[in-house]
Amino acid sequence: MEVPFSEILNRIAVIDRDIAELNRLKSRLPADRPYSPTIQLTFDKQINTLLNERVSLMELPILHPPLWLLSKEGLEPSAESPLLKERKSLLAGDLSVPHPNEQDVINFIREIPKTEVHLHLEACVNKETLKFLYKKNGIEVTDKEFEDKYNFKDLNGFIQVFFFVQGSVKEASDLGYFIDSLADYLRSNNIIYCEAFFAPSKFIQNGLDFDEMVEVMVNRIRQIEVKDGITIRLLVDVSRSFGPENAMNNLKRVLGLKHKEVIGIGLGGAELMGPAKDYSEVFKVARESGLRCVAHSGEDDGPWAIWDAVNLCKAERIGHGTSAIQDPELVRYMKENKIPIEICVTSNVFTGKYVRKEQNHPVRYYYDQGLMLCINTDDPDIFNVNLTYEFFKLYRFLDFSIDEIIDLVRQGVLCTFHPEKETLWAAMEEKIDQIKLKYNLVSDKQVTAV
């Protein structure tokens, strides 16, 4: 559908005004009031909704575009008219200026290839797909019930949303829709490699067969890789929520698989209900069997929990790690041993245990201390966020430069379990250098050549 240019501009102006107003009100919100987390979450959700609408408007076909938006064939760079220069500026933007337009920064981040490794499959299911599955499986859920589920206030509330999403699945084939929804998210953010968590415990309790579920997902993953060139790998969440015995049973199921797409295990669920030390034997067996091992830790518990995850479970990456900042010795240990932290800014603000505002997130400190970091969304469709905005929030609220964001993208590749990280980064870096030219940024290779 083509839309008149004036309508697009007018709506974008209204969105920009509303976002500025919401950010202004949000900045005045006191951090230490009992009501603050709930209001903060409401502000963030609305701002993210408006940002998503703005991006959609920028991609609409334009009905009768003004002449200055159209290119002129055969025009030499030296002969570019002021109108054509203005058009190029509007379409790409100049990020070399001291204070570039924030939408240009967002567009640049969206365009560059990225990786993501802390991503829950169930939390990538959009509401349309979720409603379809509930209706398909004969379960009636009202719109109010949907909204009430997503209006959570803490980590335990989030986990209930997680179970709500899982409740839409009644047969193994339903998980193909989960993978399709994940692929839509990855495409829209130019994420070319992803490691996603799959939590089977609730599905198994509901009578589904583990091997059959994995077979459905792996088949769709392979189809997506052939069609789109996007690589998806799965980490099975053995889960704290159901105890160590259940976790060991999940591990045994994983060990029975022969699919290259399933690369390891993770430890998610309510952190305070299941200390990492209770799962050290599960991780020991997994490591000895050649599986990759990661753990959520320091999200809802203190730095002592992270120590247990790295010392007892030998976790290769730490999910969240927000409380590590409380222990300088732990920060040094993780740096020296090159143990990455999977940063999830929006998720940490929403759950609100250690961070209430983006400006207070320890990611800036971790980066300055030289820790290995990767940026993630955790649960994009539950938090109404995406990887593009996660990186943008670092720029907007924590003074990360464009070069530092690109460096975090590089670190993100090194934090993956991809078998050829350097090759993957070399291909990504080449594309990023091309995109940098479009935004009037000089690449490192150009500087070297000069």
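The values are calculated or read from the model by the stated rules, or taken from the named source; none is laboratory data. The shown structure was predicted, so the numbers you read here are calculated from the model rather than taken from an experiment. Cβ atoms come from the backbone with ideal geometry, glycine included; neighbour counts cover every protein chain shown.
Here are the numbers for the structure shown:
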| item | result |
| --- | --- |
| Residue within region 306-324 that is assigned to a helix (DSSP H, G or I), at pLDDT below 95, in contact with a Leu (Cβ under 9 Å, 6 or more places away or on another chain) and farther than 27 Å from Asp209 by Cβ present | no |
| Breaking point among (1) more than 22 Å from Pro98 (Cα to Cα); (2) at pLDDT 95 or above; (3) out of contact with any Leu (no Cβ under 8 Å at 6 or more places or on another chain); (4) part of a helix (DSSP H, G or I), for Ile382 | (2) |
| Residue in region 116-131 that is in contact with a helix residue (DSSP H, G or I) (Cβ under 7 Å, 6 or more places away or on another chain), part of a strand (DSSP E or B) and among the acidic types (Asp, Glu) present | yes |
| One residue from Lys421, Lys431 being closer than 25 Å to Gln103 by Cβ and over 18 Å from the mean Cα position of the chain (by Cα) | Lys431 |
| Residues (at pLDDT below 95 and either over 22 Å from Ala324 (Cα atoms) or in contact with a Lys or Arg (Cβ under 7 Å, 6 or more places away or on another chain) (or both)) located in region 355-379 | Glu358 |
| Test: Phe197 is outside any helix (DSSP H, G or I), of a type outside the set (Asp, Glu) and within 16 Å of Glu116 (Cα to Cα) | yes |
| Given (1) of a type in the set (A, V, I, L, M, F, W, C); (2) surrounded by fewer than 23 Cβ atoms within 10 Å (Cβ to Cβ); (3) assigned to a helix (DSSP H, G or I); (4) without any contact (Cβ under 8 Å) to a residue 40 or more places away in the chain, number of the condition Phe283 does not satisfy | (2) |
| Flag if Leu235 is in contact with a strand residue (DSSP E or B) (Cβ under 7 Å, 6 or more places away or on another chain), of a type outside the set (S, T, N, Q) and either at pLDDT 95 or above or not assigned by TED's automatic domain parsing to the domain that holds Gly157 (or both) | yes |
